[in-house]
Amino acid sequence: MGLKIGIVGLPNVGKSTIFNALTRTKGAQVANYPFCTIEPNVGVVEVPDDRLGHLAKIVTPEKIVPAIIEFVDIAGLVEGASKGEGLGNKFLSHIRECDAIAQVVRVFEDGNIIHVHGGVNPKRDIEIIESELLFADMQTMENRISKAKSSAKSGKKEDKDYADLLDRVYEQMGNGILVSNIKLTPEEKELLRDLHLITAKPFMYIANVHEGEISKIDIEKIKKDIGIPEGATLIPISAKIEEELVGFSKDEADNFLHELGLTETGLNSLIRNAYELLRLRTYFTAGPKEVKAWTIKAGDLAPRAAGVIHTDFEKGFIRAEVIGYGDYVNHGGETGAKEKGALRVEGKDYEVKDGDVMHFRFSK
């Protein structure tokens with residue numbers, strides 16, 4: 001499965017600069033005025049995973065294929081976007097395709113950078129962005145509610161229940177509550193899925209901080225200051241530092257980060273947090289042709305994991321041969337793991353674990 005994260009933010013908060021740095025490209029235009037990014041820019045990034053290298057040392061494959069994550073830099077929103085201001089609803093189709101939304105806010109003053117609202121106020125910025133996304137979703141809901149109420153006149157309980165659900169969700173959206181924060185049962189979430197509501201997606205926040213403050217950031221204080229829930233995912237990133245890291249080798253980057261008191265790049269932090277937020281896991285296939293990382297959801301059973309490789313693998317699933325990553329490395333690969341009894345044969349009910357090295361048997 002591919003992972004796609006939409007990066008949104010008001011103009012001149014550092015969104016495109018962060019996108020360029022994270023994706024190690026100069027794909028997004030960077031200029032000191034609103035709307036310099038008109039089309040969404042897409043960057044595909046390898047998910048860093050040291051385990052791939054360790055597996056490759058054992059099987060010496062022809063190639064190593066890491067998991068990937070796709071970032072979509074979506075044009076800067078402004079107040080009134082849902083009514084056609086700025087770029088209007090141009091961003092909507094792109095953002096609806098994303099698995100999660102990363103909202104960038106600038107939390108430091110810089111007299112050389114113009115802010116579309118005249119001053120730095122991340123709390124206000126978040127409220128503007130989320131309000132615009134809610135307004136767009138409410139327009140979608142209004143169309144569906146009208147149809148649902150018409151269907152409910154048939155007297156069927158399921159039609160009435162559906163119309164009531166839409167009314168309840170719409171009312172809470174009108175009170176400024178993101179759909180992702182509304183208490184819904186799994187069944188209710190499934191009923192809303194085909195609406196592709198933007199605010200039903202998981203949100204994370206990127207705080208663009210001053211390079212001199214990055215190593216001593218109090219994340220909980222920032223959350224409180226900008227008015228996001230304690231449990232929300234907030235990732236402090238210095239756009240300037242990430243920009244400097246673009247041209248560095250791995251050793252140079254490691255030394256630079258160490259001097260700053262940091263343990264990882266903003267990219268690694270963002271990917272790690274995205275995996276946690278979306279409850280993603282990684283399993284591996286390893287052989288002479290390639291060592292490859294595959295992304296699945298936490299809780300996925302073996303057939304579903306096999307289907308990530310090819311739908312035929314899921315349809316014709318027979319069994320999975322599984323070796324835990326630690327056993328695979330400690331015993332020198334598949335042969336050694338077999339000799340030590342560390343290779344297991346699992347059926348359709350096996351829940352795949354992060355790091356499993358797997359081989360699937362299926363009928364054609």
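The values are calculated or read from the model by the stated rules, or taken from the named source; none is laboratory data. Computed from a predicted model, the values in this text were never measured in an experiment. Reconstructed Cβ throughout: ideal geometry from the backbone, glycine too, with neighbour counts over all protein chains shown.
At a glance:
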{"quantity": "Cβ pairs under 8 Å, 6+ apart, first in the range 141-157 and closer than 16 Å to residue 195 by Cα, second hydroxyl-bearing (Ser, Thr, Tyr)", "calculated": "141/170; 142/170; 145/170; 148/162"}
{"quantity": "Test: residue in the range 256-268 that is of a type in the set (A, V, I, L, M), within 30 Å of residue 333 (Cβ to Cβ), touching a strand residue (DSSP E or B) at 6+ places or on another chain (Cβ under 9 Å) and crowded, with 19+ Cβ neighbours inside 10 Å", "calculated": "no"}
{"quantity": "Residue satisfying all of: in the range 6-21; at pLDDT 85 or above and either of a type in the set (Gly, Ala, Ser) or not assigned by TED's automatic domain parsing to the domain that holds residue 241 (or both); surrounded by the most Cβ atoms within 10 Å (Cβ to Cβ) among these", "calculated": "9"}
{"quantity": "From 301, 280, 343, residue being under 29 Å from the mean Cα position of the chain (by Cα) and buried (at least 20 other Cβ atoms within 10 Å of the Cβ)", "calculated": "280"}
{"quantity": "Sole exception among (1) farther than 27 Å from residue 121 by Cα; (2) at pLDDT below 90; (3) within 23 Å of the chain's Cα centre (by Cα) for residue 242, by number", "calculated": "(1)"}
{"quantity": "Selection status of residue 354, within 23 Å of residue 58 (Cβ to Cβ), among the acidic types (Asp, Glu) and outside any strand (DSSP E or B)", "calculated": "yes"}
{"quantity": "Total residues in the range 102-160, condition under 30 Å from residue 237 (Cα atoms) and either at pLDDT 90 or above or out of contact with any Pro (no Cβ under 9 Å at 6 or more places or on another chain) (or both)", "calculated": "30"}
